[in-house]
Amino acid sequence: MIKLLLGFLFLGLINLFGQKFDNLAPTPPMGWNSWNTFECDINEKLIRDIADVMVSSGMKDAGYIYVNIDDCWHGERDSLGFIHPHPEHFPSGMKTLADYVHSKGLKIGIYSDAGWKTCGGRPGSRGYEYQDAMQYAFWGIDYLKYDWCNTESLKAEGAYLTMRDALYKAGRPIVFSLCEWGDSKPWEWGSKIGHLWRTTGDIYPCFDCEYNHGTWSSWGIMRIVDMQDGLRKYAGPDHWNDPDMMEVGNGLTVVENRSHFSMWCMLAAPMIAGNDIRKMSKETLDILINKEAIAVDQDSLGIQGFKYSSKDSVDVWFKLLNKGDWAVCFLNRGIKPQNIEFNWTTENVNDDFANRNAGFDKTEYKIRNIWTKSDAGTTKKPLKTNLTGHDVLFLRLTRK
Ligand code: GLA
């Protein structure tokens, strides 16, 4: 009897303190988000069309599952405090839209903010966390991105904890994506709260620039990559560093798109496309659905890659994969072409975090070129090649 009572007490305490939904993101989440291309210009037809194209383009088959609606879907709160979508832009309502997305075998995401208003000035969830979580669960939402504008006086960890508990209480498993821009080091406290956390300010579709908005900046691909320094030890299955949604297909060159995508794979980053997939070029689609690249990102070990060396303008990254495979990415950050020479057998590649050594002196690996989708010899022979500016050589090594 005592045991039973203690058991109930224990369960009650768990319920009281809440938790996140476990195992919703064993590998980094994959999907699409409206913000990078459409910002506030969104409506239900767009979202339905995107869901259609996710299926018809082959993106769904490649693993892209979430159709995420970002800021500005909101209308007003009603007299009871329930939030509703914008009546003209989402006239059929969110439940109908969610049902449609689900009918395609996809999942649907939504956006809110820990403050009283979203970054786009729409109603935020502050003070309405439990009610909003209930509403999302009722609509059939699967993913919540939770932003950080207008949060004066709030502490990030507490604010995100409140929403985590609200989601848990509402009872529908929802991926919780913390969008706090890395301001209060969410990697240090985020893993018990959410499934991914933004590590930086917003991304910008340039290779290596800072775009200054006055009081804040958004960042090119290389700048964001550099900001991931030191964070890999915090990431793993169900708790990922999020270097932001992708800009592939948003004005970068083909080579830059490829490098951006490769680096997101090396970083075990969430793969959330941010382009207009209804109108993308064949090259962009081919990048987004390269299954060998995606396999690097989605590797079941969930170990984020690391920068091994940096010489002239070429960085060399390694990522440990399942079954002792490694992904390698030579990244030419400069605009000039660079000759690359890499004598595998004399390189001592050690992942200090995973405590694994590639052992190139003893172990021979077969080399697979991920972008040309062709075999490229073994690590017995030194690698010699020329890399165009802003391009990558993205390889997978498998023990021979
Ligand atoms: C912030 C986020 C972006 C986007 C916008 C929406 O800037 O970081 O990703 O969600 O808000 O207003």
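Annotations
- Leading residue by the ranking (nearest to Thr215 (Cα to Cα)) among those in the range 137-161 that are among the hydroxyl-bearing types (Ser, Thr, Tyr) and within 15 Å of the ligand (Cβ to nearest atom): Thr151
- When the range 340-372 is filtered for residues that are exposed (fewer than 12 other Cβ atoms within 10 Å of the Cβ) and at positive phi, only Asn355 remains.
- Only one of Gly124, Gly214 that is in contact with a strand residue (DSSP E or B) (Cβ under 7 Å, 6 or more places away or on another chain), at pLDDT 95 or above and within 16 Å of the ligand (Cβ to nearest atom): Gly124
- The range 163-173, residues that are surrounded by 18 or more Cβ atoms within 10 Å (Cβ to Cβ) and away from the ligand (no atom under 16 Å from the Cβ): Arg164, Asp165, Ala166, Leu167, Tyr168, Ala170
- Listed by first and then second residue, the pairs linking a residue in the range 143-157 that is closer than 21 Å to Gly171 by Cα to a residue that is more than 12 Å from the ligand (Cβ to nearest atom) and basic (Lys, Arg), with Cβ atoms under 8 Å apart and 6 or more places separating them unless they lie on different chains, are Tyr143/Lys107.
The values are calculated or read from the model by the stated rules, or taken from the named source; none is laboratory data. All figures in this text were calculated on a predicted structure; none of them were measured in a lab. We place every Cβ from the backbone using ideal geometry, glycine too, and count neighbours over all the protein chains shown.
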